[in-house]
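Before any comments, here is the structure.
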Amino acid sequence: MILIVLSLGIIYACTNQGDGSTQSNDSQVPSHPKGQASVEDDVSERNILQVAMSSEVHSTLVAAVEAAQIEHVLVNAGPLTVFAPVNEAFDALPEGTVENLLKPENKSQLATILTRHAAPGSFDVDALKREAAKGRKLYMATGDYLEVVVEGDKIFVGGAEVLSTIPTSNGVIQVVNKVILP
């Protein structure tokens, strides 16, 4: 028992910096807890966050998710449908908008905007068409409802055109051409 207490004391003394902080040998420690979002394995199917992180056309979205610190939302069991704007959708916003939203003091506003792109449930193309045919609106994670419109072969959700669909282990990514704003 004394050996355990001594070992813990030595470990604490070696990592304590005297100012209440601790030093870690792991330079990859995140600045905020990511929970399930930090789990990596080579066996499981990829979840929404993992797919987005591997997509070059979603690098701005991933940066925004990380700035808002909501990675954990995109790895939950789901099912969840995320309407994922491509980089060009963010580029189309007024100049300075993205940079302003990425500031730490705007984290809450950014999280709300991003959450507005998520719908509980799994909505593939057929499900979106059914919702539109019934005149229903999609309930979003923010509590908002977005209209689904079908025009010929095109599907629009909240005014954003669905460009493609990517199934994931915890839901569906609907790639869209616009940032869906209130």
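Heavy-atom surface analysis with a 1.4 Å probe gives segment 76-155 a carbon and sulfur content of 48 percent of its accessible area. Between His72 and Thr165, the distance separating the two model label sites (each 7 Å from Cα on the Cα→Cβ line) works out to 3.1 nm.
On full extension, the segment bounded by Asp124 and Val57 gains 22.1 nm, given 0.36 nm per residue less the C-alpha separation.
How much net charge surrounds Leu181 when only the other residues with a Cβ under 13 Å from the Cβ of Leu181 are counted, with Lys and Arg +1 and Asp and Glu -1? My count for the surroundings of Leu181 gives +1.
Hey, could you get me the Stokes-Einstein D for segment 52-181, Kirkwood radius over alpha-carbon pairs, 37 °C and 0.692 mPa s, rounded to whole µm² s⁻¹? Diffusion coefficient, whole number: 222 µm²/s. For segment 38-182, averaging the sequence separation of C-alpha pairs within contact (under 8 Å, six or more residues apart) and dividing by the residue count gives a relative contact order of 29 percent. For segment 47-143, applying the loop criterion from DSSP together with a ceiling of 14 other beta carbons within 10 Å to the trypsin sites (Lys or Arg not before Pro) yields Lys134, Arg136. Each Cα pair under 8 Å and six or more residues apart adds its sequence gap; the mean of these over the residue count of segment 54-131 is a relative contact order of 42 percent.
Working from label points 7 Å from Cα in the Cα-to-Cβ sense, the Glu147 to Arg46 distance is 3.5 nm. At a probe radius of 1.4 angstrom, the accessible area of segment 102-147 per residue rounds to 58 square angstrom.
The values are calculated or read from the model by the stated rules, or taken from the named source; none is laboratory data. All figures in this text were calculated on a predicted structure; none of them were measured in a lab. So basically every Cβ, Gly included, is an ideal-geometry build from the backbone, and we count neighbours across all protein chains shown. The accessibility values were calculated without ligands, DNA or RNA, using every heavy atom of the protein model including side chains. Shrake-Rupley method; radii C 1.70, N 1.55, O 1.52, S 1.80 Å.
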